[in-house]
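Please treat every number below as a calculation from the coordinates, not as lab data. Keep in mind that what you see is a predicted model, and the values were worked out from it rather than measured. Here the Cβ is made from the backbone with ideal geometry for all residues, glycine too, and neighbour counts use every protein chain on show.
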Amino acid sequence: MLKNFWYACEFSSAVTSKPKRVSLLNQDFVLYRNSNKEVVALKDQCPHRGAALSNGWVEKDCIRCPYHGWKFQTDGTCIQIPANQPGVPIPKKARIDTYPVQEKYGFVWLFWGDLAEQKRPPLPSLTEFDAPGWRVVSGELQWNAHYTRVLENVIDFSHVAFIHANSFGSGIADQPQIENYDVCLEEWSASATVTANQSKKTKGFWKHFLNKQGSRPLSVTLSFYMPNISRLEFDFPIGHFKMILFSSHLPIDDKTTVSKWIVLRNFLTAPWADGDARKRALKTMLEDKPIVESQSPQVIPDDLTAELHVPSDALSIAYRKLHKQCLEMGWGMEHHVSQLHDSNNHISEHFQILTNSLIS
Ligand code: FES
Ligand code: FE
């Protein structure tokens with residue numbers, strides 16, 4: 001797990017003036033809205049006896065612990081200890097850690113790390129979210145898997161002809177080859193565009209979008225944004241129909257990930273089509289789930305030579321390299337740091353040349 005990033009940790013619509021627990025990075029946080037509707041984020045642990053503040057309540061922007069009633073301001077300072085006699089001072093240490101938050105694209109983003117505000121990696125861009133003509137639905141799914149495996153699954157097109165052979169991949173199930181593609185690398189992200197010629201008729205719902213004789217092939221732009229955001233953009237062979245799946249794969253702990261996703265579409269934008277859009281996104285992820293949960297080791301190896309790579313894995317190699325770079329900058333949280341030290345000695349020169357040529 002990595003520090004120093006903004007994590008899209010909850011949907012904005014789920015955060016109200018009632019305290020809500022959010023778990024990520026092996027920790028618990030409590031979120032609530034103050035009277036200005038701004039989101040406040042605090043550690044979900046009272047400094048008195050460790051009770052979860054998320055079971056408490058909000059009073060005039062402050063949060064009250066449900067155990068002995070200590071009251072904390074939005075900056076984490078305790079301002080009242082009900083059991084104290086008048087005049088007894090409040091201990092200086094009676095305060096809770098608070099975290100920077102911002103809201104964008106329908107998510108609450110929480111920053112966890114020690115970088116000054118100007119040095120923090122910015123949020124990814126998703127201009128379609130506020131653009132006219134797009135309709136958005138959202139959902140979430142829990143995986144018994146590490147977030148790095150979940151993210152890699154989403155940005156990997158070569159599994160589509162197999163795992164999704166009976167759904168949206170049915171048109172390419174008999175021709176799984178992926179043409180070599182270029183990876184466009186940026187400071188915190190990378191993307192690649194692949195095209196898929198439908199060699200046979202796609203089944204079900206997808207046939208309306210993919211079976212147009214003589215039209216251009218389906219084009220999919222796959223991107224990731226460090227450390228846990230994926231974005232798939234489907235450019236369908238008809239008209240200017242597009243669909244974007246933007247997901248935050250939240251690292252809950254080393255074995256659990258919750259993907260909070262939104263699907264944006266610029267076709268069938270009436271509300272009656274929302275349920276179907278949501279159902280199809282979820283069905284696709286449920287097809288991936290048992291395979292991703294079976295992967296071993298659970299975390300992607302920091303040693304690039306530990307698993308085998310072929311040209312169609314170029315985007316995932318880019319992710320592994322950026323991930324490793326973050327670890328080398330000291331942004332890893334304990335577990336990863338030790339793994340990095342073990343693996344550093346084993347990287348062969350030959351392999352570095354191979355991966356450099358795939359990525360550059
Ligand atoms: Fe919170 Fe005692 S545990 S007030
Ligand atoms: Fe998949």
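Overview of results
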| quantity | calculated |
| --- | --- |
| Ellipticity estimate at 222 nm from DSSP helix runs (n ≥ 4, -39,500 (n - 2.57)) divided over the chain, nearest 500 | -6000 deg cm²/dmol |
| Restraint check, 20/93; 3/119; 43/93; 3/43; 43/71; 37/60, Cα-Cα greater than 19 Å | 20/93 |
| Label-reachable residues, the stretch 224-247, where backbone N falls under 17 Å from a point 7 Å from residue 333's Cα toward its Cβ | 226-229 |
| Tail beyond 29 Å, pair distance distribution of the stretch 1-151 (Cα, percent) | 25 percent |
| Dipole magnitude of the stretch 265-323, debye to nearest 20 (Cβ charges: Lys/Arg +1, Asp/Glu -1, about Cα centre) | 360 debye |
| Likely footprinting exposure, 282, 250, 315, fewest C-beta neighbours within 10 Å first | 282, 250, 315 |
| Radius of gyration and maximum dimension Dmax of the chain, Cα, Å | 22.9, 83 |
| Test item: Cα-centred dipole of the stretch 48-193, Lys/Arg +1 and Asp/Glu -1 on Cβ, debye | 1200 debye |
| Net charge contributed by nearby residues that have their C-beta within less than 11 Å of residue 134 (K/R +1, D/E -1) | +1 |
| Residues 182, 44 arranged by fewest to most Cβ contacts within 10 Å | 182, 44 |
| Neighbourhood charge, 12 Å Cβ-Cβ cut-off, centred on residue 244 and excluding it, Lys, Arg +1 and Asp, Glu -1 | +1 |
| Exposure proxy ranking, count of Cβ atoms within 10 Å, fewest first, for 333, 1 | 333, 1 |
| Charged-residue dipole, Cβ positions (Lys, Arg, Asp, Glu), the chain about Cα centre, Debye nearest 20 | 1400 debye |
